[in-house]
Amino acid sequence: MQASTQSQEDAVARSGMYRLLARLWLREADTELLGELRAPPLCDCFLQAGGVLPTKDGAPDIQQLAVDYCQLFVGPMGHLPPVQSVWQAGQFQSSLTSSMQHFIDILRYPTDELPGGMMLDHLGVQLDVMAYALDQIARRATEIGELLAVVNLFSSRHLIWPSKLLAAAEDRAETPFYCSIVTMTRDFLNSETAA
Amino acid sequence: MTNKQTSRRAFLKLGLAASGASIASLSGCGGQSQKQSTDSQQGQSSKSDSPGMDLEMWNRIKGEPYQLGSFGTMPGVCQLPGPQKKQNWPDREKYKDTQQIPGMCQLCSTVCGIIGHVKDGRVIKLEGNPNDPNSRGHLCARGHAGLNHLYHPERLLYPLKRVGKRGEGKWKRISWDEALDEIAAKLKAVRESGSPEEFAFHQGRQRSKDALKRFLDSYGTKTQLSHRSLCSGNRRAANLTYLWESDWDLNDVENSKYILNFGSNAFEAHQGHVPFATRIQNGRFKNGAKLVTFDVRLSNTAGASDEWFAPFPGTDGAVALAMCHAILAENLHDEAFINNWTNVTVDELREHLKSYTPEWAETVSGVPQAEIRRIAVEFAKAAPAATTMCNRGSSAHINGYYNDRAIQLLNAVVGSVGKKGGWCWSPWGGLDPIVQTPPMPPGAKTWSVLEDPPEYPLANVWRRMRVGEIIYLYLLQGRAKLQAYMTYNLDSPLTWPEESLTQQVLTDEKLIEFHVCINCFYNETAHYADIVLPWATYLERWDLDARGSYNLQPYVGLRTPMVEPLGESKDVREFFPELARRIGGGMEDWYQEPVEEYMEKWASNVPENPQTGKKGLDRLMEEGAWEGERAPFYEPYNMPLSEADMTGAEIDSSTGIIKSYDVGIGIMQDGKPVRGFATPSRKFEIRSLFVERIGKNEDCSELIAHSGVTKTKNRPASHQGNELDIDPMPSWFQPKEHQQLADDELIMTSFKWNVHNHGRTMNLKWLAEIVHSNPAWLNPKTAKAHGLQDGDWIEITSFYSAELEQQSPHLQRADLPQEGGKRVVASMRVPIVTMEGIHPSVIAMSNSCGHWQYTSVAQARKSPVESGHLAGTDGETYRDADWERNMWWEDHSGGDPASWKPNTGNGWNQNKLMPIAPDPVTGQQAFHDTVVKISKVS
């Protein structure tokens, strides 16, 4: 089965969105990322999609964003680990991690490019796996049906869970930037489900 | 912030822009597919690069979709064993096809051998390793709860750097490179300042001795602080006084007929815990041994004993001396052992013990003299298969050194020293010496008052026991300075005395300029750090490890990574070399090989198993532990010296001491050269001239030479001017405040439960469910006298020791409030439980409870706690279904006694009430002597 041009474009766009969100969830924002988000053509698109950019004059600065990211997702206490096992099994490394490993193996997703020590069921990884799978759909001439089936199953198992995380993070974010990222993630995942 | 639903079109537009922009900063998350995506959009096929999907795997598993969560077929890991689970237990399929990896527990100091069942890269069960010669396959509740430790949702996973003020709780994540660069720069500056001792390493429970020593010695600081004085200093010093070669008695209880226990709670918390407890029970039920316990509280050990007596606190030594007196009076002593193998005669001993009568002991202990005599006679008649045992119950007192010397004396009087079933020891306190660490750097030569306080003469003469509880006070007094402080598996604000002082010093950046905390979890110590490094758990790292084995033979155990460390957590074996390379100056030369290669070298002498053909590390990786074929260490003093030993040796005609090159190697006994004891007299030293002289800073070089234990320190120059009278004979005194205890005063004691260690296990939900709170125990008579009933709340006010005010003026602080002429330590409000199982003059609270900066479980909150800086007020957060269902002990009273429900909450930090109170001889913290007053909270 060959994906149509329209569906290829759609897959590329969705992949790009998943990848951007993956980057935002996997690591703190840095100067380089903010620079690119502030530059065209991303800047307008980012703002139109609900993103809020820190002002160029440095308020809030990178450190404030790092502190916000840390208190939200890293710790050391009272944080909201963006990890599926934590939210669904109350611990790290539940059977959900094994499930993620299976999908990663099936898709041959390159985990060596992830930041060190990353949990496989971290939301950032899940978003990136989805981006990778959609890439495959966009460019492959064969196995499209199987890939779509994998994507659907993956999505149903590993991208439905974060609603509580996102609601809590939206409340707890101290910077408009991270608040908008959380909101953007929630709205995008909702739109994916609706689509 | 915004509820506006952004249109899907906007997302797709952003996605396309992001995809086309080829954002450099997106690399590191699917960068390969990013490239492919861009190529695809530009019509440039990169299909040849595509690995494609694994259709075979997909087709194989898609028909049987992977089941998720606790309701699926994959084994869960950390579920509480609720009613639903119990119905389905044991699940025979759960451990099918698991990989079994040996390791060693480290949730207490006993280090039992364990096996981890690993499936899909996850540890799903821990159990005891039958190959471990000491623990023999047994594992306590703590050990089983290691899964909670490994997969705890609030584990530290990344290096953190403080952003706000110290103690404010505001952090940012940093990379390991950033963390190590900053730490190395600071440590390098400290070293180059010419005062390397101003870098202190402060450990809690540690089992990587070689790794810490390598780092600190290669750096050049000897300021390595420990918690030994909070634990076992007096017992060790008492043993060393008698034996010199070992600080650790290994009571041969499995072969015993009579076990006389002074205050040890071996069934719950002893350093030998499960290996010791199982042997005690074997001794009782297979060998007919009687267990008699003296303890102010009916512990689980006391409750399981054949007889229990509750003496007045700190009088164990008085009872023991009276028993010695009674045994001699009844002529049930071992005359031959005393005369041949101790350095006093029976007559001298009788004379010394003349005043320590059972009648006298009754007046101070409350134990009836007839019972003291009866137990003494029973003990003597069972000898030599009779042994005492003791631990913090007798040791953690201002007079603890004398308590323990008195208790150990009983074994000499009945001649059970070193005998089968008697009071034994082993020269192998750790690993079998067959394994040798790869070359170590020479020891650092610095000195610090923190590491070797001159006021405590026996703290460091034989072994480095240190006096940990004084360090924050000495820093506050300006007696030492710390440019850099590295804490490791330590929770001093919770587990050490004077919580407020500890917090005050840890917060003060002038007193501690730079603090790096290494831990698996954020805790009360990490809260005051500048950089927090995430430590790998004991299930994710390497060690060779062993304890003094109750088999009286050495062994080698292996701690090995069962799984990869979570997140970016690392062991010190991994990052100390990196730190050393950054500090430079020769440190890096001591780190030549990767960790596994280092372990291979270290374990290389473990011999081949003829059945498997495996040896060295390979053998340990398969079996977990190895024990050689040495004979148990019975009666070592009777071991003959060989002809080779005697070649060139000299015999002192007056003492019979045999010396080779002026160092003692043995003694003539019945005309034959034997090993004897490794003491100056080559005998069991009831009278110790050494302790008498070293207390007065007199020259002991000849005594040390005779002992053969030549590493013993001889009157360090730094101790001059701090002379202390130490009785050369076992004796006993009662602290002044206990002699004058007023009617409304009580003595506070603390204890551990069988499911907790002091400061690290309250975060484990399986254990916290069993014990999470610690109301104060009071005898019903005491409660009635104070107008109290079970469940009432009281205010406890604690006081400094009058004895130490006199003996240790260096501890005094003028800034403390006074009440009735006594200096007040702290006050605290707690509920009480009344029970007969406690001495009427005692109030007891367990430790382990009352965390305020540890995990949600440790704080008994269903929701992860909110740090002070968090803006959000919404309690919505992640949920652990087991925890939700089973954590019934969350306290909703808000601290209001009127609405508090029994057995809810996370308890109170009992140590807050404890003053800094080191035994003047050894420095061991007197946890069980504090005088308190109580009043009812209305």
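The values are calculated or read from the model by the stated rules, or taken from the named source; none is laboratory data. None of these values were measured; they are calculated from a predicted model. Cβ sites come from the backbone with ideal geometry, for glycine too, and all protein chains shown count toward neighbours.
Any residue that is surrounded by fewer than 24 Cβ atoms within 10 Å (Cβ to Cβ), closer than 15 Å to B:Gly103 by Cβ and more than 22 Å from the chain's Cα centre (by Cα) - is there at least one of those in region B:544-563?
yes
Go through region B:249-272 and report how many residues are surrounded by fewer than 24 Cβ atoms within 10 Å (Cβ to Cβ) and part of a helix (DSSP H, G or I).
2
Any residue that is among the charged types (D, E, K, R), crowded, with 19+ Cβ neighbours inside 10 Å and at pLDDT 95 or above - is there at least one of those in region B:869-889?
Let us first name the residues in region B:869-889 that are among the charged types (D, E, K, R), namely B:874, B:876, B:879-880, B:882, B:884-885.
If we keep only those that are crowded, with 19+ Cβ neighbours inside 10 Å as well, we get B:880, B:882.
Keeping just the survivors that are at pLDDT 95 or above gives none.
Looking through region B:869-889, none of the residues is among the charged types (D, E, K, R), crowded, with 19+ Cβ neighbours inside 10 Å and at pLDDT 95 or above.
Mind listing just one residue for me: the one in region B:789-813 that is more than 15 Å from B:Gly907 (Cα to Cα) and in contact with a Leu (Cβ under 7 Å, 6 or more places away or on another chain) and, of those, surrounded by the fewest Cβ atoms within 10 Å (Cβ to Cβ)?
B:Leu811
Specify the residue that is surrounded by the fewest Cβ atoms within 10 Å (Cβ to Cβ); the eligible residues are those in region B:359-405 that are free of Cβ contacts under 8 Å to residues at least 40 places away in the same chain and within 25 Å of B:Ser256 (Cα to Cα).
Only one residue tops the list, namely B:Ala370.
Quick one: in region A:141-173, which of the residues that are small (Gly, Ala, Ser) and without any contact (Cβ under 8 Å) to a residue 12 or more places away in the chain is nearest to the other protein chains (Cβ to nearest Cβ)?
Per the stated criteria, the residue is A:Ala149.
Counting only residues that are of a type in the set (A, V, I, L, M) and modelled with pLDDT of 95 or more, which one in region B:812-834 is nearest to B:Asp896 (Cα to Cα)?
Step one: of region B:812-834, the residues of a type in the set (A, V, I, L, M) are B:814, B:816, B:824-826, B:828, B:830, B:832-833.
Okay, now just the ones that are also modelled with pLDDT of 95 or more, so B:824-826, B:828, B:830, B:832-833.
Details: B:Val824: 24, B:Val825: 23, B:Ala826: 20, B:Met828: 13, B:Val830: 11, B:Ile832: 15, B:Val833: 17 Å.
For region B:812-834, the residue satisfying everything is B:Val830.
Name the single residue that is nearest to the other protein chains (Cβ to nearest Cβ) among those in region A:85-140 being in contact with a Gly (Cβ under 8 Å, 6 or more places away or on another chain) and aromatic (Phe, Trp, Tyr).
Looking at residues that are in contact with a Gly (Cβ under 8 Å, 6 or more places away or on another chain) and aromatic (Phe, Trp, Tyr), I get A:Tyr132.
Could you tell me whether B:Leu243 is aliphatic (A, V, I, L, M) and over 21 Å from the mean Cα position of the chain (by Cα)? Give the derivation first.
Details: aliphatic (A, V, I, L, M): yes; over 21 Å from the mean Cα position of the chain (by Cα): yes.
So B:Leu243 passes the test.
Do we have A:Cys43 as within 7 Å of chain B (Cβ to nearest Cβ) and either of a type in the set (Lys, Arg) or more than 15 Å from the chain's Cα centre (by Cα) (or both) here?
Numbers: within 7 Å of chain B (Cβ to nearest Cβ): no; either of a type in the set (Lys, Arg) or more than 15 Å from the chain's Cα centre (by Cα) (or both): yes.
Spelling it out, it is not the case that A:Cys43 is within 7 Å of chain B (Cβ to nearest Cβ) and either of a type in the set (Lys, Arg) or more than 15 Å from the chain's Cα centre (by Cα) (or both).
B:Thr507 is checked against (1) within 13 Å of chain A (Cβ to nearest Cβ); (2) in contact (Cβ under 8 Å) with a residue 40 or more places away in the chain; (3) of a type in the set (Val, Ile, Thr) and fails just one. What number does that condition carry?
(1)
Confirm whether B:Thr301 is more than 27 Å from the chain's Cα centre (by Cα) and of a type in the set (Val, Ile, Thr). Quick ask: steps written out before the conclusion?
Values: more than 27 Å from the chain's Cα centre (by Cα): no; of a type in the set (Val, Ile, Thr): yes.
Judged against the criteria, B:Thr301 is not a match.
What about B:Val830, is it surrounded by fewer than 20 Cβ atoms within 10 Å (Cβ to Cβ), under 25 Å from B:Pro493 (Cβ atoms) and among the hydrophobic types (A, V, I, L, M, F, W, C)?
Numbers: surrounded by fewer than 20 Cβ atoms within 10 Å (Cβ to Cβ): no; under 25 Å from B:Pro493 (Cβ atoms): yes; among the hydrophobic types (A, V, I, L, M, F, W, C): yes.
The answer is no for B:Val830.
How about region A:183-195: which of its residues are buried (at least 19 other Cβ atoms within 10 Å of the Cβ), more than 7 Å from chain B (Cβ to nearest Cβ) and either within 14 Å of A:Cys70 (Cα to Cα) or free of Cβ contacts under 8 Å to residues at least 60 places away in the same chain (or both)?
Listed by number, the residues that qualify are A:Arg186, A:Leu189.
Just for helices (runs of 4 or more DSSP H) wholly inside region B:726-794: which have at least 2 residues that are in contact with a helix residue (DSSP H, G or I) (Cβ under 7 Å, 6 or more places away or on another chain)?
Details: elements: B:736-739, B:765-770, B:780-785.
Result: B:736-739, B:765-770.
If I filter region B:653-677 down to residues being buried (at least 16 other Cβ atoms within 10 Å of the Cβ) and of a type in the set (Lys, Arg), which single residue comes out as nearest to the chain's Cα centre (by Cα)?
So, considering only residues that are buried (at least 16 other Cβ atoms within 10 Å of the Cβ) and of a type in the set (Lys, Arg), the one nearest to the chain's Cα centre (by Cα) is B:Arg675.
For the structure I just gave you, tell me whether A:Gly75 is more than 25 Å from A:Met17 (Cβ to Cβ) and either facing another protein chain (nearest Cβ under 7 Å) or touching a Phe, Trp or Tyr at 6+ places or on another chain (Cβ under 8 Å) (or both).
yes
Test A:Ala66 against the stated conditions and say whether it is within 7 Å of chain B (Cβ to nearest Cβ), in contact with a strand residue (DSSP E or B) (Cβ under 6 Å, 6 or more places away or on another chain) and within 27 Å of B:Ala17 (Cβ to Cβ).
Details: within 7 Å of chain B (Cβ to nearest Cβ): yes; in contact with a strand residue (DSSP E or B) (Cβ under 6 Å, 6 or more places away or on another chain): yes; within 27 Å of B:Ala17 (Cβ to Cβ): yes.
Yes, satisfied.
Do we have any residue at all in region B:517-527 that's part of a loop (DSSP other than H, G, I, E, B), among the small types (Gly, Ala, Ser) and within 14 Å of chain A (Cβ to nearest Cβ)?
Residues of region B:517-527 that are part of a loop (DSSP other than H, G, I, E, B), as a first pass: B:520, B:522-525.
From what's left, among the small types (Gly, Ala, Ser): none.
There is no residue in region B:517-527 that is part of a loop (DSSP other than H, G, I, E, B), among the small types (Gly, Ala, Ser) and within 14 Å of chain A (Cβ to nearest Cβ).
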